[in-house]
Amino acid sequence: MLALLFAVLAPSAHAWWKPEWTQRTRVDIDTSATGLATQAAVSGFPLALRLHSGNFDFAAARENGADLRVIAGDDKTPLKFHVERYDSVNELAVLWVQLPTLPPGNAKSSFFVYAGNAKAEVEAPTPGPAGTADPADAATLAVFHLDKPEAAALSGAPRAAAPITVLDNALLGTGARIAQQPITWPASDKLRAAAGASLTWSLWVKPDAASGTLLQQGPLSLVLQSGKLEARAGGMRVAGAAVTPGAWAHVALVLAQGQATLWVNGVPSTPEALTVGEVAGDLSAGAGLTGALDEIVIAASARSADWLKLAADTQGAGGKALKSTKEDAASAGGEGAHAGYFGVLFANLTTDAWVIIIILAVMFAIALWVMVTKGVMIARVTKANAVFLAQFKASGAQLLSVPDSAAVQRSTLNRVYRSGLRELAQRQVGHSDEQLPQATLSGAAITAVRAAVDADLVRETHHLNSGIVLLTIAISGGPFLGLLGTVVGVMITFAAIAAAGDVNVNAIAPGIAAALLATVAGLGVAIPSLFGYNYLAAKIKNLTSDMQIFADEFVARVAERYGS
């Protein structure tokens, strides 16, 4: 049954990139209807990946993340990535991975983040299409992660004119805390956009108030007005959806062919005409705003609907498209194999869950040993009882002359019978010497014989029931031990999620699933033990009834034959 379960539940095998790397995180991007359905392929997409204790083993990786490697789904092709944050103490990291192509709907793609090589060193980043070390496509003009006080853009845009207040726990690693005073980047040709050119501004914002300027450059500005998003240029305005104060929201402005579309959390507004001249000069963010900003991206193209939906879904908390699971070489079956679902569960087991499962494994081994040994013993006793009973009935008047042969050595009826013979022999009943007078039994003597037979019957019953209590312990204690492991595992998982600040389902699911494995193990001990106990109890009850009937019959025939 276990082999069948593993065969059914285990997915197809994938190769292991290099044996020197002992663990990996499998990342699946679901662009089908079960995740976030897309209509067209998306190329060069920068994916934000959060690593935490639920999907990555920080203890096995190097403290500075130098052994991180991102490999495509073929387990051969390296992917360009940037580490925005790596905190091995708090077990939290944010990686940006540039994906070559994401297929459209009804498709899934994956890649792997490898770690666990103590000798690995940080690799020099490969410049991207725009000469950047950051995962970005050729259309990206600037990426401001806001992870440093000077708010440098890794894509080569200018640094902020003044230091900013860094917010350690923003949506994606670190961000910027804004209190009315804007962040300003000096004018740069890199940020210049010609009049009427396609342009996309996107960022994450968590406003404390309902109004303020999010981004502004030259005549173009993206603002919050009375809680709603607006784009403004040359006296023209385009209104968008509301942005909820106190919550992170992904907002974007897309300019294309003289029309502007505003996006809030992956939902677009109706495109409206907006005439925009040359966008040049200083770039500022957060003027008059109170709140937090993160991940400002400026692109010299009109990002597609699928691109913006994926950005809002994968970068935010609780997205549908992104799933990640922790694996290691052992759980994946060594080099050349990929862990099945059970491998994922075992890889995420906490120490307390392992202790519970090991205890349950010992209980199961003991219960199995009891069931097997008792089952074999009962089968042998039943066979020997049948042989003895046939011989006893065939003895007729010579009820004290049944031979003690090897065929009846295991018979409980034979042992009860022999105890009666010993009592009769002490009273010189049933001896073979015809010269000696045959004694007769008084009522008190027959009662004594009956007591001796009953005593041996009780001892035989105790022998038959010995060890059965271990099955009752497994039946009643197994589920409770499993439940204890699950509850503690769930507590640890939620504590780790709270410490990491990542509340999406991908962070919770592996730990919860692994914790539930303890309950499954407890039921796996209790259910077979319950079936075995009921079967053995019924068989022992039948044997006990046979002994009681035989004892009554034996004493009755002795009283009839030898009673006074």
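The values are calculated or read from the model by the stated rules, or taken from the named source; none is laboratory data. Just so it is clear, the structure is predicted and the values come from calculations on it, not from any experiment. Using ideal geometry, Cβ is built from the backbone for each residue, glycine included, and neighbour counts are taken over all protein chains shown. Accessible surface areas use protein heavy atoms only, side chains included; no ligands, DNA or RNA. Shrake-Rupley method; radii C 1.70, N 1.55, O 1.52, S 1.80 Å.
A few remarks follow.
- Between the helical axis of 412-426 and the longest alpha-carbon principal axis of the chain there is an angle of about 30 degrees.
- Cα-based reach from K326 at 22 Å (exclusive), listing lysines while leaving out same-chain residues under 8 positions away: K18, K76, K80, K108, K119
- Rounded to the nearest whole Hz, the Karplus-based 3J(HN,Hα) values (6.51 cos²θ - 1.76 cosθ + 1.60, θ = phi - 60°) of region 541-546 follow the sequence 4, 5, 5, 5, 4, 4, with x at glycine and proline.
- Net length available on complete extension from V487 to A379 is 34.7 nm, with 0.36 nm assigned per residue and the Cα-Cα distance removed.
- Rounded to 0.05, the FRET efficiency of the T77 and Q39 pair, given R0 = 30 Å and the Cβ-Cβ distance, is 0.70.
- Placed amide H near H145: partners under 5 Å, 5+ positions off or other chain: L154
- Label-to-label distance, nm, for residues given as A425 and E121 (7 Å Cα→Cβ offset): 9.0
- Annotation for region 437-480 versus region 263-307: alpha-carbon center distance of 87 Å.
- Net length available on complete extension from N465 to A209 is 84.7 nm, with 0.36 nm assigned per residue and the Cα-Cα distance removed.
- Against the chain, whose longest principal axis is taken from its Cα atoms, helix 305-315 shows a tilt of about 60°.
- Dipole in debye (nearest 20) - the chain, about Cα centre, beta carbon charges: Lys, Arg +1; Asp, Glu -1: 1320
- Set of lysines near K541 by C-alpha distance (under 18 Å), chain-local residues within fewer than 8 positions excluded: K374, K383
- Whichever lysines have a C-alpha closer than 20 Å to that of K148, once near sequence neighbours (fewer than 8 apart) are set aside: K206
- Seen against the Cα atoms of the chain and their longest principal axis, helix 468-500 is set at about 10 degrees.
- When only Cα pairs below 8 angstrom with a gap of at least 6 residues are kept, the chain shows a relative contact order of 15 percent.
- Averaged per residue, the chain has 45 square angstrom of accessible surface, using a 1.4 angstrom probe with ligands and nucleic acids left out.
- Counting only DSSP H runs of at least 4 residues, each contributing -39500 (n - 2.57), and dividing by the residue count of the chain, the helix-based mean residue ellipticity at 222 nm comes to -12500 deg cm²/dmol.
- A simple spin-label model places the labels of S110 and L368 3.0 nm from each other, with each point 7 Å out along Cα-to-Cβ.
- Once all protein chains are placed together, Y86 keeps about 40 Å² accessible to a 1.4 angstrom probe.
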